[in-house]
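Accompanying notes for the structure given below.
The values are calculated or read from the model by the stated rules, or taken from the named source; none is laboratory data. Remember, predicted model here, so these are calculated numbers, not experimental data. Note that each Cβ is placed from the backbone with ideal geometry, even for glycine, and that neighbours are counted across all protein chains shown.
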Amino acid sequence: MSTSTKKTQTRFLRRGISKILWSKDLNDPKYPSRREITNAFGLTDAVSDIEGWALENDPIETPDMGSTFNSSIPGNDKAENSSLTFYEDRFSDAIEQRLPKGAKGYVVLLRKGDLPGSRSVDVFPVQVATRAATYSTGNEAAKFKVDFTITDEPSLDRPVPQAQPSPLPDQDCDEDHDHGHDGDHVDVTVVSTTETKTEATVREHDADEG
């Protein structure tokens with residue numbers, strides 16, 4: 001392929017782009033809503049390492065007498081147990097409170113970031129299998145690891161929901177706005193009356209001088 005016709009990719013580093021969220025419940029894992037994405041608990045900034053989070057297939061071998069090649073067909077899908085390793089906060093346990101052993105929910109991965117319309121959301125139904133602190137005498141930050149079991153088929157390549165538009169003013173606001181105009185009319189009337197009184201005073205003063 002020549003350089004002139006070669007399509008270029010916008011390549012990126014997952015760090016700083018991809019997002020990892022935790023949601024206790026989703027109405028439809030195949031179509032997470034904008035509100036659910038917005039209200040999900042963000043894990044991204046505390047994650048130091050990530051393992052797994054991929055759908056795999058266990059192929060079935062189908063050799064036959066007609067060939068020495070061992071052919072195969074797709075078998076059952078599976079998702080290996082996955083994990084997230086977090087930096088441990090010395091004063092806060094916000095993550096630990098949300099991810100105790102046995103907790104059920106959804107790990108939502110926005111692979112390309114919060115890019116509305118992009119089909120890059122992976123949703124994994126999970127249960128926390130274990131959560132344990134890691135100990136080391138080395139020169140490194142304190143961490144803890146959370147192992148998850150995948151409890152159901154993940155929803156992959158789902159669309160990032162569109163951002164919610166700004167709400168239009170409601171009827172009450174319009175009515176209040178109209179009342180405000182009525183008040184302005186009253187003010188104008190008062191000003192006009194004041195100006196009339198001022199003009200009358202000037203005329204009387206002119207008459208005295210005459």
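Would the range 157-177 turn up any residue that is surrounded by fewer than 11 Cβ atoms within 10 Å (Cβ to Cβ), within 20 Å of the chain's Cα centre (by Cα) and at pLDDT below 65?
Checked the range 157-177: at least one residue is surrounded by fewer than 11 Cβ atoms within 10 Å (Cβ to Cβ), within 20 Å of the chain's Cα centre (by Cα) and at pLDDT below 65.
Can you pull out the strands (runs of 3 or more DSSP E) entirely within the range 24-128 that have at least 2 residues that are of a type in the set (Val, Ile, Thr)?
Of the strands (runs of 3 or more DSSP E) lying wholly inside the range 24-128, those with at least 2 residues that are of a type in the set (Val, Ile, Thr) span 47-51, 104-110.
Identify the residue in the range 97-124 that is touching a Lys or Arg at 6+ places or on another chain (Cβ under 7 Å) and of a type in the set (A, V, I, L, M, F, W, C) and, among all such residues, is farthest from Val146 (Cα to Cα).
If we take residues in the range 97-124 being touching a Lys or Arg at 6+ places or on another chain (Cβ under 7 Å) and of a type in the set (A, V, I, L, M, F, W, C), then Val121 is farthest from Val146 (Cα to Cα).
May I ask you to list pairs of residues, at least six apart or on different chains, whose Cβ atoms are under 6 Å apart, with the first in the range 8-25 being on the phi < 0 side of the Ramachandran plot and the second being crowded, with 17+ Cβ neighbours inside 10 Å and assigned to a loop (DSSP other than H, G, I, E, B)?
What qualifies is Ser18/Arg111; Ile20/Leu43; Leu21/Ala40; Trp22/Leu43; Ser23/Ala40.
Select from the range 64-119 the residues that are among the charged types (D, E, K, R) and loosely packed, with under 11 Cβ neighbours inside 10 Å and write down the one among them that is farthest from Ile17 (Cα to Cα).
Asp64
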